[in-house]
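Report on the structure given below.
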C-alpha cells in the first residue's frame, strides 16, 4: 500500500530528565547522554521531515531543556518551516532560555502538570521543589504570551483534583488542557496498581470534562484521553501505524511510535544510516503494521476497523503476546479477559501500592 | 461565552496560529498548537480575509461581492466556519 506523508514528528532529544515520574513514556531501557544525536544531525532530520511533509514538530524527551542546544534546535526546526512545540516539565527553562527560545521561533509550549499541589506533584515527579519551579516558569510563559497547553497526566492519585486542574489552566492562561489519563506502556506498566483509576473516578471525570468543555468553550479547549482499560473499543493508536506520525529516539532510531521498541522482532533504522524518506516509505518496521491487512478476521470484518485500525500494536504484544492481534482492550478480542483480570488485580493491590520510579539514564 | 461573531467583531488568528502553503500535499494548511487543519478553497478564502482589521460584516460583504453569492448564505457559512475555530481557541475577536 502507499502510505500518506507524515504530519507530525516527535523528536525525543534526550532521555535525561530531572523528574522521575512513575508513568514516564520513555522506554525502560534508556539512551545514555553519550549516545545522543549531535545538533547538526537533528537539524538535518528536521529539514528532511519538512521536505517529507511533516508540519508539526514536537520537541520532547526526557526533558528537552536538558539539552544545552535547545534554542539552536528550535531555530533549525523553525527555519525548516516546521511548527515547533516544546513538550516540557518546565524545569530548566530560565527566563534567559525562554528569551532565546522565543527569538528562535518557538510556536507553542506544552507544560506537564503532575498535580495541583506541591506535596502531591513533587511526590509523583520524585523531585522536591519541582512544583514551585514549574509554577514560576508557567508565570513567565504567561507574561510572554507564549501559547500554552497544560498537559495534566491523570491517575488514581490526582483525578479527584480535576476541578482545580481546570481552574489552574484558566488562571495560567492556557488555551488548551489535555486531561490525559495514564496509558499503560513502559514505566507505567510497573505501576498499574498504584496508578489505575477506579471506574467511578473515570466516569466522574468524563462528566466533569463534558461539563467544563461546554462552560469554557472559546476560552479553554479540552483534549480528553480516557484510560483505555475501561473502554469497550481500543484507541486509534497513532491514527494507524506509519500513517500520520513518527518518532526519533535520542540515539537516532526512527520509530512508528514511542513504545515501538517493545516489539522485539522489529529492527529500526537510524537517521544516521538511512534517509527519513526511505525509512518512512520503505523500511520493514514502518510497513510491518500499515493498513489493516495484517489484522485478524475479528478486526477486518468489524465496522470500526477504519476508526481504530485494531488499536495499539504494542498493547497487543504486551497483553495478547502478538503485535498483530486485536488490541485486547476491545471487547471483541479473544484476549479481552486478560484486561479484565489486570483490572481486578490492580484494584485488589491498589491499597498502599507504592511507586516504582523511572531510573535516570547513565 | 457565546461563540457567535457580531457584525462589528474583528476576528484574528492569535499568536501560535497561522496559515501557510502545504508544499507537499498542496493547498493551504492552518497550523495551530498540536493541530494541522487542511483548508478547502472556501476556508482559505475566509481566512485570507481574517487580519484583525476587517470586521465580520466586512469579510462577509467582500466574499459575497467576490463570489457573486447571496449574502445570507455566505454569512451562515462564514459564521459556522469561524465559530468552529473559535471553539478550539484557534481564532479570537476584538470588538
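Just to be sure, is residue A:253 without any contact (Cβ under 8 Å) to a residue 60 or more places away in the chain, more than 30 Å from residue B:81 (Cα to Cα) and either surrounded by 15 or more Cβ atoms within 10 Å (Cβ to Cβ) or in contact with a helix residue (DSSP H, G or I) (Cβ under 9 Å, 6 or more places away or on another chain) (or both)?
Criteria met by residue A:253.
Which of the residues spanning the stretch A:45-68 are touching a helix residue (DSSP H, G or I) at 6+ places or on another chain (Cβ under 9 Å), surrounded by fewer than 24 Cβ atoms within 10 Å (Cβ to Cβ), more than 12 Å from chain B (Cβ to nearest Cβ) and without any contact (Cβ under 8 Å) to a residue 40 or more places away in the chain?
A:47 - this is the single residue of the stretch A:45-68 that is touching a helix residue (DSSP H, G or I) at 6+ places or on another chain (Cβ under 9 Å), surrounded by fewer than 24 Cβ atoms within 10 Å (Cβ to Cβ), more than 12 Å from chain B (Cβ to nearest Cβ) and without any contact (Cβ under 8 Å) to a residue 40 or more places away in the chain.
Looking only at the stretch A:92-108, how many residues end up being out of contact with any helix residue (DSSP H, G or I) (no Cβ under 6 Å at 6 or more places or on another chain) and under 26 Å from residue A:223 (Cβ atoms)?
Within the stretch A:92-108, residues that are out of contact with any helix residue (DSSP H, G or I) (no Cβ under 6 Å at 6 or more places or on another chain) and under 26 Å from residue A:223 (Cβ atoms) number 3.
Can you go through A:167, A:203 and tell me which one is surrounded by fewer than 21 Cβ atoms within 10 Å (Cβ to Cβ), more than 17 Å from the chain's Cα centre (by Cα), assigned to a helix (DSSP H, G or I) and modelled with pLDDT of 95 or more?
A:167 is the lone residue from the list that is surrounded by fewer than 21 Cβ atoms within 10 Å (Cβ to Cβ), more than 17 Å from the chain's Cα centre (by Cα), assigned to a helix (DSSP H, G or I) and modelled with pLDDT of 95 or more.
Can you name every residue in the stretch A:69-103 that is more than 14 Å from chain B (Cβ to nearest Cβ) and within 19 Å of the chain's Cα centre (by Cα)?
A:89, A:90, A:91, listed by residue number.
I'd like the full set of residues that are closer than 14 Å to residue A:87 by Cβ and either more than 10 Å from chain B (Cβ to nearest Cβ) or under 19 Å from the mean Cα position of the chain (by Cα) (or both), limited to the stretch A:134-146. Walk me through how you get there before you give the answer.
Here is the first cut: in the stretch A:134-146, the residues closer than 14 Å to residue A:87 by Cβ are A:134, A:137, A:141, A:146.
Correct list: A:134, A:137, A:141.
Here are some conditions: (1) modelled with pLDDT of 95 or more; (2) more than 30 Å from residue A:52 (Cα to Cα). Residue A:349 meets all but one. Which one does it not meet?
(1)
Mind checking which residues of the stretch A:316-342 are within 15 Å of residue A:232 (Cβ to Cβ) and buried (at least 22 other Cβ atoms within 10 Å of the Cβ)?
A:326, A:327, A:328, A:329, A:330, A:333, A:339
Taking the stretch A:267-278 only, how many residues are surrounded by fewer than 19 Cβ atoms within 10 Å (Cβ to Cβ) and either part of a strand (DSSP E or B) or in contact (Cβ under 8 Å) with a residue 24 or more places away in the chain (or both)?
Going through the stretch A:267-278 one residue at a time, the tally reaches 4.
Of the residues A:106, A:111, which is buried (at least 20 other Cβ atoms within 10 Å of the Cβ), within 14 Å of chain B (Cβ to nearest Cβ) and more than 17 Å from the chain's Cα centre (by Cα)?
Selected residue: A:106, the only one of A:106, A:111 that is buried (at least 20 other Cβ atoms within 10 Å of the Cβ), within 14 Å of chain B (Cβ to nearest Cβ) and more than 17 Å from the chain's Cα centre (by Cα).
Quick check on my filter: what residues within the stretch A:147-164 are part of a strand (DSSP E or B), away from chain B (no Cβ under 13 Å) and touching a residue at least 60 places away in the same chain (Cβ under 8 Å)?
Within the stretch A:147-164, just A:153 meets the criteria.
The values are calculated or read from the model by the stated rules, or taken from the named source; none is laboratory data. All values derive from a computational prediction rather than experimental measurement. Here Cβ is always computed from backbone atoms with ideal geometry, including for glycine, and neighbour counts include all displayed protein chains.
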